[in-house]
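Read-outs throughout are calculated quantities, based only on the coordinates presented, and are distinct from any laboratory measurement. Fair warning: this is a prediction, and the values are worked out from it, not measured in the lab. Here the Cβ is made from the backbone with ideal geometry for all residues, glycine too, and neighbour counts use every protein chain on show.
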Amino acid sequence: MRIFIDCTHTATYTYKNTGIHRVVRQITSELLHISSISSNLEVIPVKFDGDFITKVFSLDEPELNHTSQDTKDFFKTKIVKKLLSYFHRLKNKVKKVLPDYVVLTYKNDRQSKLRQQYKFAGVQFSSSDIYLIVDANWDLPRSYYHFLQHLKSCNVSITSICYDLIPIKFPEFCPKDFVKAFKDFYCLYSDCFDQVICISNKSADDYIQAKQDGVLPNINKNQIVSSFRLGSDYSGNRQAENTAQNNIANSILESLNGKKYILVVGSLVPHKNIKTIINAFDLLIESNDDINLVFAGNRGWHSDTDILIEKNKRYGRNIYIFDSVTDVDLDDLYTNCYCLVQASFYEGFGLPVVEALQHGKPVISSNGGSLPEVGGDFCIYFDPNEPKQLYQFLEQMVNSDEFYSHLVKRIRMDYSDFSWKDSAKQLLALLSDYKNVRIE
């Protein structure tokens, strides 16, 4: 069995480290490892270049030589990356508005001398192949659809991982352009997928319900919707990093040394319910001035959310933002935090919850979406629409060493970690069962 792993977005934007990018890297790495010791499995990471697919050899950011130039070169590099990202999106938008015959003519002229009958690396696609879309390919041009249609004509099985349907279920939490791109992608592509594998039972239920309600097409009656669980370990990620970005992050980490801090992990976007966290923290610190609040995640599209944090009188003293954090930084933050707060109105999985539990840390989570499914009875849950509940649970934890110690002890004694290796094996089982193949 041969699996082509489509990791276009992560391979294109190697400097990004959001939740989806981290999942793509981990799953790809683990599947490659499994294939290296299997006699009947081949795994090939690929990305779509606008016309066809090319092989991906690394999903990691090329090492940058930030030494004496220090932060100036780092920020120059960041600006260049933002410009490249902008032009990439612009190129895709142009391709989307061009008539199909123009795109196809251009594509055929460019490819005619390079390949014939959609051969990849000299190998013809076959019915034993699986094309696995693990990445956030929502903004790719229409030529991607034509490519997938050709795979279908070659009897290649197409499987897509669905992380959540937040832009469809809660469009008020997302930029309008993103909502449109997301809806257009799933409305156009959904029936191309032989399998849709979600990252939680809740996400799978949402997908099935969207088809039943007519929100998503339901033409492909043979489509299988299932789910698998994400991992939470950091094995293999502890590596030396000497970029200026990490020097900056390390200096902030050092400033937190010995301090008690509440950790919030994830991009600063509306559905993360940042306002509730800030309000609860403002109440908590009135009687606990030694507590701190750390946000680890990129600033999002919603400037009001950034302003809410940065205009707080305690920003820079008790409230911090670490953006563009690496896995190494996250590991350190989890290891040294007091507890994790996950206040989202909705999550398709909730990776920070299992990562914090894996580090033996108490978690106060909302009951939105899949979070109760993911955290089980190891978390303290509150209604995301009731901010006072979050404050009350934080106050109870901070004011009672006995209560806090009980939470930590139970997690460390009873919580069972689920590794990325386990996650990849679970995903592979779904793929191989579909093909009726036993991996050896």
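Defining a contact as two alpha carbons under 8 Å apart and six or more residues distant in sequence, what relative contact order in percent does the stretch 244-417 show? Can you show the working numbers first?
Numbers: 276 pairs, mean separation 38.0, N = 174.
Contact order relative to length: 22 percent.
Separation between the residue 222 and residue 42 pseudo-spin-labels, each 7 Å from Cα along Cα→Cβ, expressed in nm?
Taking the two extended label points, one gets 2.4 nm.
Sort 385-398, 191-204, 402-415 by the packing proxy (mean of other Cβ within 10 Å over each peptide's residues), most packed first. Walk me through the numbers on the way to the answer.
Values: 385-398: 17.4, 191-204: 21.5, 402-415: 12.9.
So the order, starting with the most tightly packed, is 191-204, 385-398, 402-415.
Could you state the number of Å between the C-alpha centres of the stretch 206-225 and the stretch 365-381?
Here the answer is 26 Å between Cα centres.
May I ask you to evaluate 6.51 cos²θ - 1.76 cosθ + 1.60, the Karplus curve with θ = phi - 60°, for each residue of the stretch 124-131 and list the ³J(HN,Hα) values in order in whole Hz, giving x for glycine and proline?
After applying 6.51 cos²θ - 1.76 cosθ + 1.60, I find 7, 4, 9, 5, 8, 8, 10, 9 Hz.
So for the pair residue 373, residue 406, with labels modelled 7 Å out along Cα→Cβ, what separation do we get in nm?
In this crude spin-label approximation the distance works out to 3.0 nm.
Gain in length, residue 12 to residue 155, computed as 0.36 nm per residue apart minus the alpha-carbon separation, to one decimal in nm?
Between residue 12 and residue 155, full extension yields an extra 48.7 nm.
Hey, rough spin-label estimate for residue 145 and residue 310, points 7 angstrom out along Cα→Cβ, what's it come to in nanometres?
Inter-label distance under the simple model: 3.8 nm.
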